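Have a look at the structure below, then the notes.
The values are calculated or read from the model by the stated rules, or taken from the named source; none is laboratory data. Keep in mind that what you see is a predicted model, and the values were worked out from it rather than measured. Cβ: placed from backbone, ideal geometry, glycine included. Neighbour counts: every protein chain shown.
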Amino acid sequence: MAAKLSGSGGGKYTVEANAEINVTPFVDIMLVLLIIFMVAAPLASVSVPVTLPTAVAPPAQNPPKPIYISIQNDGDVFVGDSRTDVGVLGDDLRTQIGGGSPTDERIFIRADRQTRYGDFMQVMNALQDNGFYQVALVGEDNS
């Protein structure tokens, strides 16, 4: 804040407050920064000409059929459409994947909104105990 000395009034050196803000230095700095960025931006881009080869990738294989585990609100567990028990869940999943490695398979878990957390954790623990670590949770899309 600036102060202005005035000769009139109480004493020889009466100080009055000047409440105006001088924005000119701020505008000057912003214009200089704008010019610097306008000059520096084209220099930051890659300007080396390179002729890239065409990529010939083999067509992607169809992803394997997803494996769903469903947990109902009363604690019933299903692998696909067949009912199972948490104790034999790993064996049922190995049968479902047909001899593949458990670490390569992604398992999708669908659980009812009213499912108890303990029932869900029993399924998660059974999956981890049997080597199934890629687990995805399925939710309903609200759009």
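Points to keep in mind about this one:
- Residues that are basic (Lys, Arg) and assigned to a strand (DSSP E or B), drawn from region 97-114: 106, 110
- Here is the figure for region 60-83: residues that are touching a Phe, Trp or Tyr at 6+ places or on another chain (Cβ under 8 Å) and either touching a residue at least 60 places away in the same chain (Cβ under 8 Å) or within 17 Å of residue 129 (Cα to Cα) (or both) total 3.
- Of all residues making up region 103-119, the number that are touching a helix residue (DSSP H, G or I) at 6+ places or on another chain (Cβ under 9 Å) and under 13 Å from residue 78 (Cβ atoms): 4
- Hits in region 56-78 (condition: aliphatic (A, V, I, L, M) and under 29 Å from the mean Cα position of the chain (by Cα)): 57, 60, 67, 69, 71
- With respect to the stated conditions, residue 81 fails to be out of contact with any Ser or Thr (no Cβ under 6 Å at 6 or more places or on another chain), loosely packed, with under 14 Cβ neighbours inside 10 Å, within 14 Å of residue 126 (Cβ to Cβ) and charged (D, E, K, R).
- Pairs with Cβ under 6 Å, 6+ apart, first in region 84-97 and over 17 Å from residue 133 (Cβ atoms) and free of Cβ contacts under 8 Å to residues at least 24 places away in the same chain, second polar (S, T, N, Q) and surrounded by 13 or more Cβ atoms within 10 Å (Cβ to Cβ): 92/84
- Residue check for residue 111: without any contact (Cβ under 8 Å) to a residue 12 or more places away in the chain and of a type in the set (A, V, I, L, M, F, W, C): no
- Residue 74 of a type outside the set (A, V, I, L, M, F, W, C), surrounded by 15 or more Cβ atoms within 10 Å (Cβ to Cβ) and either out of contact with any strand residue (DSSP E or B) (no Cβ under 6 Å at 6 or more places or on another chain) or in a helix (DSSP H, G or I) (or both): no
- Residues of region 118-143 classified as part of a strand (DSSP E or B) and closer than 12 Å to residue 69 by Cα, total: 3
- Test: residue in region 83-96 that is modelled with pLDDT of 80 or more, more than 30 Å from the chain's Cα centre (by Cα) and assigned to a strand (DSSP E or B): yes
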